[in-house]
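A short write-up of the structure that comes next.
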């Protein structure tokens with residue numbers, strides 16, 4: 001199934017921005033250097049957690065976060081929420097916990113809680129680009145596109161920011177109908193065929209079928225020349 005048909009099929013069930021997240025058009029989460037040292041997840045993490053409990057040694061943020069990811073994989077969302085809240089309480093400077101808890105609330109359609117979590121994290125780290133970016137994604141989910149664009153611009157303007165934040169700016173602009181500006185940003189980070197394809201997806205999400213058809217056609221023509 002191509003992305004165009006997937007968008008049409010899903011639109012009746014979840015907001016357009018959620019489709020864009022699932023398709024990878026929107027960057028979310030602590031997937032860059034803002035999250036600090038790489039965290040390795042393994043089956044030994046639960047044993048480590050039990051060892052630390054038995055030795056009266058408080059679990060580290062890394063161990064608790066590994067447990068939260070395991071709970072997520074097991075679809076144990078209430079337990080995952082509990083562990084992430086515990087991390088934030090005990091290790092307020094551990095940014096991935098804010099990202100994951102906000103993501104959990106976003107997929108539960110509790111955007112007000114996601115905003116509160118991210119704003120809490122920004123009180124700890126005001127210049128954390130990843131939290132600012134994720135706040136923009138939450139505003140996208142609420143169809144508050146100007147607010148989303150403001151956050152994406154702020155994140156993209158910080159030193160060392162992920163260049164893909166500009167792609168999120170393009171999403172906000174595209175969802176506002178500002179197609180030319182969106183395309184210009186996409187062309188900074190994508191091949192021309194991909195830039196036009198993404199713009200087509202945004203136009204289709206806005207139910208602008210005429211513009212979507214044009215952009216899909218341009219993308220296909222450019223793809224043949226890639």
Please tell me if residue 159 is over 28 Å from residue 212 (Cα atoms), over 16 Å from the mean Cα position of the chain (by Cα) and modelled with pLDDT under 95.
-> yes
Is at least one residue of the range 61-73 surrounded by fewer than 16 Cβ atoms within 10 Å (Cβ to Cβ), touching a helix residue (DSSP H, G or I) at 6+ places or on another chain (Cβ under 9 Å) and either farther than 30 Å from residue 204 by Cα or modelled with pLDDT of 95 or more (or both)?
-> no
Return yes or no: is residue 12 at pLDDT below 95, surrounded by fewer than 14 Cβ atoms within 10 Å (Cβ to Cβ) and assigned to a loop (DSSP other than H, G, I, E, B)?
-> yes
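The values are calculated or read from the model by the stated rules, or taken from the named source; none is laboratory data. Model, not experiment: these values are computed from the prediction. Cβ coordinates were reconstructed from backbone atoms using ideal geometry, including for glycine residues, and neighbour counts include every protein chain displayed.
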